[in-house]
Amino acid sequence: MKWSENEIEILKQNYECNGVDYIKMILPDRTKKGIVWKVGDLGLKVNRELYNLRISRTKLNTTKPFNLYKVNPDIFLNIDSKEISYILGFLWADGYIRNDCISMWLKKDDSENIKHIFDSTGIWNNYYRKLKGRKEQMSFHTHNKYIFNFLVENDYLSKSYVNQSKILSLIPNELKHYFFRGYFDGDGSIWMKNNQCIMNITSTYEQDWSVIEELFNNLDIRYTTSCYNDKNRKSKCSRIVTQNMNGIVKFFNYIYQNDDMGLKRKLNTFLKIKVKYDNIVMKNKKIKENNSCTHCESKNFITKGNYKNNKKRYMCKDCNRTFIGI
Ligand SMILES: [Zn+2]
């Protein structure tokens, strides 16, 4: 359905102060996805100052002081702790919001592992359930319309096809890596078998990976993205994957730069990979120290394989000849 002049004018007049939910109320025939697409096309962005002003006005009208809520909305409206940054990342991956409720179900072991992080921000309710064929789960749950509105304004209802740039614009730079740590703890996976390691983040088929791609590019991490549409199993997803140890270690060094808060099982795999990587780096350093090209004395060579008596064959990149060394 083509956008009329009138509709476009409504977007221009209202989107920047009020966001997508407000537009949806004025233009009920449009889908949120369609609106998000069109404002992107027009280059419109929500103005954070106007938005925050509106939130603080809403705050003044409430009779119940924020500090009386089980989880104080202020800690979300002014993000200044690593715990909130981490929780926002985790909620982006696995959170579910509806009717003023914020909830997240995880395997019980994982929930127990990060419970102290949630507890440090307020009183979250925990529920338990056991779904057929799955491990026992435990939830974090809170009912709070201010936190709910905040999350809606920052795309948490459209996160299956919109990227994380809005919420990241509200998180101070020095806390952003906690967001990515929480996000990875939710949607990421990492494993190592023999010498092979794989790190990936899996999400919806329509996922917008641009923010993660930008992060990986900035950290100089090689990656691939791919979409899967398995018609037989009726499953669709997309994935961003890194298979080189060097890239995985760079990501690890970024998200865990100050402390080890978060899911221990993922951290432990990262640590194992880092130890292995450090050993390889060490080994390569020794090889360079102990060898140089026997033809031109260059240190610019690569390993080509094993030679007899524990010696190795190398290939010089300067003179293109092979030589034997230790
Ligand atoms: Zn040479």
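Throughout, read-outs are computed from the coordinates displayed, never taken from laboratory work. Computed from a predicted structure; not experimentally measured. Glycine also receives a Cβ, built like all others from the backbone with ideal geometry; neighbour counts cover every protein chain displayed.
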Round to the nearest 10 and give me the degree value, 0 to 90, for the angle of helix 32-42's Cα axis relative to the longest principal axis of the chain.
70 degrees
When all alpha-carbon pairs of the chain are counted, what percent fall beyond 33 Å?
41 percent
With the contact rule set at Cα under 8 Å and sequence spacing of 6 or more, what percent relative contact order holds for the chain?
12 percent
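Given 20 °C and 1.002 mPa s, compute D for the stretch 90-220 with the Stokes-Einstein relation, Rh being the Kirkwood radius over Cα pairs; round to the nearest whole µm²/s.
Working: Rh = 16.2 Å.
D, rounded to a whole number, is 132 µm²/s.
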How far apart, in nm, are the 7 Å Cα→Cβ label points at Asn217 and Gln257?
1.9 nm
Which of His141, His295, His116 fluctuates most in a GNM of the chain (C-alpha springs under 10 Å)? That residue is His295
Semi-axes, largest first, in whole Å: what does sqrt of 5 times each Cα gyration tensor eigenvalue give for the stretch 241-288?
22, 11, 10
Along the dipole axis of the chain (charges at Cβ: +1 for Lys and Arg, -1 for Asp and Glu; origin at the Cα centre), the most positive-end residue among Asn195, Asn173, Leu219 is Asn195
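Order by neighbour count: Leu91, Leu157, Leu215, fewest other Cβ atoms within 10 Å first, most last. Write down the numbers at each step before the final one.
Numbers: Leu91 24, Leu157 16, Leu215 20.
Ascending Cβ contact count within 10 Å gives the list Leu157, Leu215, Leu91.
Counting pairwise Cα distances across the stretch 171-253, what percent come out greater than 23 angstrom?
24 percent
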Can you tell me the orientation of helix 264-290 relative to the chain, as the angle in degrees between its alpha-carbon axis and the longest Cα principal axis, to the nearest 10?
30 degrees
Restricting to lysines 8 or more places apart or on different chains, can you count the pairs in the stretch 92-199 with Cα atoms under 22 Å from each other?
15
How far is helix 5-26 tilted off the main Cα axis of the chain, in degrees rounded to 10, range 0 to 90?
80 degrees
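Where in the stretch 122-169 are there trypsin sites (Lys or Arg not before Pro) that are in a DSSP coil and have at most 12 other Cβ atoms within 10 angstrom of their Cβ? Mind showing how you got there, number by number?
Details: sites: Arg129, Lys130, Lys132, Arg134, Lys135, Lys145, Lys159, Lys166; in loops: Lys130, Lys132, Arg134, Lys135, Lys159.
Listed in order of number, the matching sites are Lys130, Lys132, Arg134, Lys135.
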Please name whichever of Ala93, Asn232, Asn291 sits farthest to the positive end of the charge dipole of the chain, dipole taken about the Cα centre and charges placed at Cβ: Lys and Arg +1, Asp and Glu -1.
Asn291
The stretch 247-326 versus the stretch 62-120: alpha-carbon centroid distance in Å:
42 Å
